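Readers should treat all values here as calculations from the given coordinates under stated rules, not as data from a laboratory. All of these numbers come straight from a predicted model, not from anything done at the bench. Glycine also receives a Cβ, built like all others from the backbone with ideal geometry; neighbour counts cover every protein chain displayed.
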Ligand SMILES: [Zn+2]
């Protein structure tokens, strides 16, 4: 590849990043729970458990942060997590192109061999 081809590929990837919305780490899943009342049906009957609740977990400095989300938040949060994966994919490509570019880098255009 020539210098300008690297640059072209690279700027295309940068444009892809521009299209990406909000991002998030972690994962969202739904769980049904038993409650604190020992007489409640939820303790005997699995189908009577409370929920489902949308649980979002993510790691921050080796600690797991857990939040309960509304359905709307959960949908949006899943989108953010997908965006994060997309972004990471693009960054990996940008890094790979950069590595190739460094390895093939020629200081001055006139020094290029034909
Ligand atoms: Zn209960």
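State which residue pairs qualify: first residue in contact (Cβ under 8 Å) with a residue 60 or more places away in the chain and inside segment 34-45, second residue within 8 Å of the ligand (Cβ to nearest atom) in any location, beta carbons under 8 Å apart, and separation of 6 or more residues or different chains.
Qualifying pairs under 8 Å: none.
Being under 14 Å from residue 68 (Cβ atoms) and either exposed (fewer than 12 other Cβ atoms within 10 Å of the Cβ) or away from the ligand (no atom under 16 Å from the Cβ) (or both) is the filter here; which residues of segment 36-55 pass it?
So in segment 36-55, the residues under 14 Å from residue 68 (Cβ atoms) come out as 50-55.
Across segment 36-55, the qualifying residues are 54, 55.
Given the conditions (1) over 14 Å from the mean Cα position of the chain (by Cα); (2) assigned to a helix (DSSP H, G or I); (3) free of Cβ contacts under 8 Å to residues at least 12 places away in the same chain, and given that residue 14 satisfies all but one, which numbered condition is not satisfied?
All conditions are met except number (3).
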